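K.L.:
Submitted below is the structure of interest, expressed as structure tokens.
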Amino acid sequence: MTLKIGFQKTLPSGIDTLIAAVYAGNRLTPSAEKLDLSWGGIIRHQLKSQKKFTGKAGQMMTVTAPKNSKIARLVLIGLDAPAALDAQACEMAGGRVYAAISASGFSRAALFADDEKARGKLSTPEMAAHLAMGALLRSYRFEKYKSRRKEGAAGPESLTVITGPLARARAVFDPLEKAARGVFLARDLANEPPNILYPESFARIIRRELAPLGVSVQVIDHRQMEKMGFGAHLAVGQGSARPPRVVVMHWRGGKKSKKAPLAFVGKGVTFDTGGISIKPSAGMDDMKHDMGGAAAVVGLMKTLALRKAKTDVIGIVGLAENMPSDRAYRPGDIIRSLSGKTIEVLNTDAEGRLVLADSLTHVQRAFKPRIVVNLATLTGAIVVALGHEYAGAFANDETLWKNLEQADRASGERLWRMPLGKSFMKDVESHVADLKNIAGADRGAGSCVGAGFLQHFINEGQPWAHLDIAGMAWTKADKPTCPRTGTGFGVRLLDRLIADHYE
Ligand code: BES
Ligand code: MN
Ligand code: ZN
């Protein structure tokens, strides 16, 4: 269960933990000043008796409440100067303070965000909503396989944000909360172990989650895939006892609009051993997250349906398990993709591009989309290049790139543009087939080659972007708004892309 969030004008009863913002130079908000007065000046006193806490963003300080108080503690959070404060800074502060109070075992917290004078870039209700969003995102837990709750773990937790105007704060928070629900679904999917989440069960979960929300869900099973000619995708899955699936999701929010739909395509390799080109054993368990792109697409569809997005959107995920076995595809195999292009397999570990190739072909043929954006944990090389702060973005269309860049700024999910080009497409031309799935030795630029391979499956004139999220789909350390492992990266980015540019 995640944090329950509400907005109120005044402090409700039964609160055990208070949170108050402090601005640069230790300026207290009016509500904190009032509290200080009623607590006999201990807040000011404690602030003065130390030097470290100055109201800088990211700082935190706990003040123990006086003996006779029903409230146990007040946590002060630094928020810099209000003028500099943006949505991301509020979310990070909200996430950090949630982690801090959660560690000390709270059950009902209240946060003062009622400072009318604080207005900078953000209005007071915006500030309140983003602080709450940060706390909500950080409160995510994946505990379904723990047979016992942690000793002393709190029961249901709630956070009441004291702010005004209330209607405005709730209106700003509403779409954020719906984005968080999509992020949580994406994180849940990414965190499921590969013995539980495999193509068939993944498809079942998608139907169970999305059909009740009004998303139509079509599952293409391996027999239909054979009939239709998904030869590249099927080759990747053929070594596994768990056959592949393609799931097509359709949100029809555009009503009478005659505009073509938007399409989002996700790599859903539920476990990537590398196949016959097997990976080293150390850290191979990470490859249970190799479906992070598909998870983001499913989470996005959930958010769009929850907030009833006013546009038509297709989500398509290619699901397969990449296993070595006596039936597995081999290096040297030549396979025929759905597009008709033949592919020489030179490394069975470059499987994501094979799965995506067929889904990209299918979505363009079946829906003639306005834009195609695919998300994939495609290459280890993007982690070498960009680490864990930016996803690599490859775009063949300047308008789409500009829109993605704006969505990056609006959501805080960061992108760094990488090059596409004829030379990378040439790198994957084969002597014996139309294409090969890796470049020759010593070519370098592994992420760009991966993108170049995908570009062979994009129709002339089709606006398209490929997001390589290999460094972003999971995290080994807690982040301010995301506890460790599955992140749900991409849901908020694409939700903003759609809301701001295509509705
Ligand atoms: N799923 C991996 C990419 C990956 C690696 C994601 C590490 C996250 C962390 C992908 O299928 C893969 O194995 N790519 C190969 C491509 C190579 C064989 C051209 C890689 O990155 O080594
Ligand atoms: Mn691989
Ligand atoms: Zn992979």
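K.L.:
Can you tell me what percent of all Cα-Cα pairs in the chain are more than 33 Å apart?
P.N.:
41 percent
K.L.:
Considering only DSSP states other than H, G, I, E and B, which trypsin sites (Lys or Arg not before Pro) in segment 233-309 qualify as loop sites with at most 15 other Cβ atoms within 10 Å?
P.N.:
Qualifying residues, ordered by number: LYS255, LYS256, LYS258, LYS259, LYS308.
K.L.:
On a 0 to 90 degree scale, rounded to 10, what angle separates helix 199-210 from the longest Cα axis of the chain?
P.N.:
Between helix and principal axis, roughly 50 degrees.
K.L.:
Quick one: with all protein chains in place, what share of the accessible area of segment 4-166 is carbon or sulfur, to the nearest percent (1.4 Å probe)?
P.N.:
The computed percentage sits at 54.
K.L.:
Working out 0.36 nm times the residue gap between LYS4 and ILE42, then minus their Cα-Cα distance, what length gain in nm do you get to one decimal?
P.N.:
The span from LYS4 to ILE42 would gain 10.7 nm if fully extended.
K.L.:
Something else about it: Please report, in debye to the nearest 20, how large the charge dipole of the chain is about its Cα centre when each Lys and Arg carries +1 at its beta carbon and each Asp and Glu carries -1 there.
P.N.:
Computed about the Cα centre, the dipole is about 1580 debye.
K.L.:
Let me ask another. To the nearest 10 degrees, how steep is helix 446-455 against the longest Cα principal axis of the chain, on a 0 to 90 scale?
P.N.:
Roughly 60 degrees between the two axes.
K.L.:
For the pair ARG204 and ASN459, what calculated FRET efficiency results from E = 1/(1 + (r/R0)^6), where r is the Cβ-Cβ distance and R0 = 22 Å, to the nearest 0.05?
P.N.:
On the way: r = 32 Å, r/R0 = 1.45.
That gives a FRET efficiency of 0.10.
K.L.:
Determine how large the accessible area of ILE334 is when every protein chain is in place; take a 1.4 Å probe and give Å² rounded to the nearest 10.
P.N.:
90 Å²
K.L.:
Here is a further query. For an R0 of 25 angstrom, estimate the FRET efficiency from the Cβ-Cβ distance between ASP326 and MET284 and round to the nearest 0.05.
P.N.:
0.75
K.L.:
Give the accessible area for LEU415 in Å² (nearest 10); use a 1.4 Å probe, count only protein heavy atoms, and leave out ligands, DNA and RNA.
P.N.:
10 Å²
K.L.:
While we're on this one: Going from most exposed to least, what order do THR399, THR485, THR311 have by accessible area with a 1.4 Å probe?
P.N.:
Ranked from most to least accessible, the order is THR399, THR485, THR311.
K.L.:
Still on this structure, please answer the following. Using Cα pairs closer than 8 Å and at least 6 residues apart in sequence, work out the relative contact order for the chain, in percent.
P.N.:
Values: 1171 pairs, mean separation 76.5, N = 503.
Computed over the chain, the figure is 15 percent.
K.L.:
Pop a pseudo-label 7 angstrom from the Cα along the beta-carbon direction at both LEU166 and LYS368 and give the gap in nm to one decimal.
P.N.:
Distance between the two pseudo-spin positions: 5.1 nm.
K.L.:
Now for a different question. Identify all lysines with a Cα-Cα distance to LYS341 below 17 Å; exclude those on the same chain that are fewer than 8 residues away in sequence.
P.N.:
Answer for LYS341, where 17 Å is the Cα cut-off: LYS227, LYS426, LYS436, listed by chain and number.
K.L.:
Residues with beta-carbon under 14 Å from that of ILE43, excluding ILE43: net charge, scoring Lys, Arg +1 and Asp, Glu -1?
P.N.:
So the environment of ILE43 carries a net charge of +3.
K.L.:
Using just the helices of the chain, give the 222 nm mean residue ellipticity in deg cm²/dmol: DSSP H runs with n ≥ 4 each add -39,500 (n - 2.57), and the total is spread over all residues, rounded to 500.
P.N.:
My calculation for the chain gives -11000 deg cm²/dmol from helical runs alone.
K.L.:
State, to one decimal in nm, how far the label point of LYS426 lies from the label point of GLU405, with both points 7 Å from Cα in the Cβ direction.
P.N.:
2.8 nm
K.L.:
Could you do me a favour and compute the accessible area per residue for segment 181-501, 1.4 Å probe, result in Å²? Provide the component values of the computation, followed by the final result.
P.N.:
Details: 12100 Å² over 321 residues.
Here the per-residue accessible area is 38 Å².
K.L.:
Assigning unit charges at the beta carbon (Lys, Arg +1; Asp, Glu -1) and nothing else, what dipole magnitude in debye, to the nearest 20, does segment 4-166 show about its Cα centre?
P.N.:
The dipole magnitude comes to about 540 debye.
K.L.:
Across segment 280-431, what fraction of all alpha-carbon pairs, as a whole percent, falls in each successive 10 Å bin from zero upward?
P.N.:
8, 32, 39, 17, 3
K.L.:
For a quick check of your reading of the filter: which chymotrypsin sites (Phe, Trp or Tyr not before Pro) in segment 225-324 sit in a DSSP loop and have no more than 12 other Cβ atoms within 10 Å? Could the numbers behind the result be given before it?
P.N.:
Working: sites: PHE230, TRP251, PHE264, PHE271; in loops: PHE230.
Loop-located and lightly packed - none at all.
K.L.:
How much of the DSSP bridge set in segment 227-347 is antiparallel, in percent, rounded to the nearest 5?
P.N.:
Once the DSSP bridges in segment 227-347 are tallied, antiparallel ones form about 50 percent.
K.L.:
Something else: In degrees from 0 to 90, rounded to the nearest 10, what is the angle of the helix 166-191 Cα long axis to the longest principal axis of the chain?
P.N.:
With rounding to tens, the tilt is 40 degrees.
K.L.:
Also, I was wondering about something else. Label points 7 Å out from Cα along the Cβ direction at GLU389 and GLU226: separation in nm?
P.N.:
Calculated label separation equals 5.0 nm.
K.L.:
Follow-up question, since we're still on this one. Kindly sort ARG223, ARG353 by accessible area of their heavy atoms, largest first, with the probe set to 1.4 Å.
P.N.:
ARG223, ARG353
The values are calculated or read from the model by the stated rules, or taken from the named source; none is laboratory data. Since the structure is predicted, the reported quantities are computational estimates derived from the model, not experimental observations. A quick note on method: Cβ atoms are made from the backbone with ideal geometry, for glycine too, and the neighbour counts reach across all protein chains shown. We work out accessible area using only protein heavy atoms, side chains counted, and drop any ligands, DNA or RNA first. Shrake-Rupley method; radii C 1.70, N 1.55, O 1.52, S 1.80 Å.
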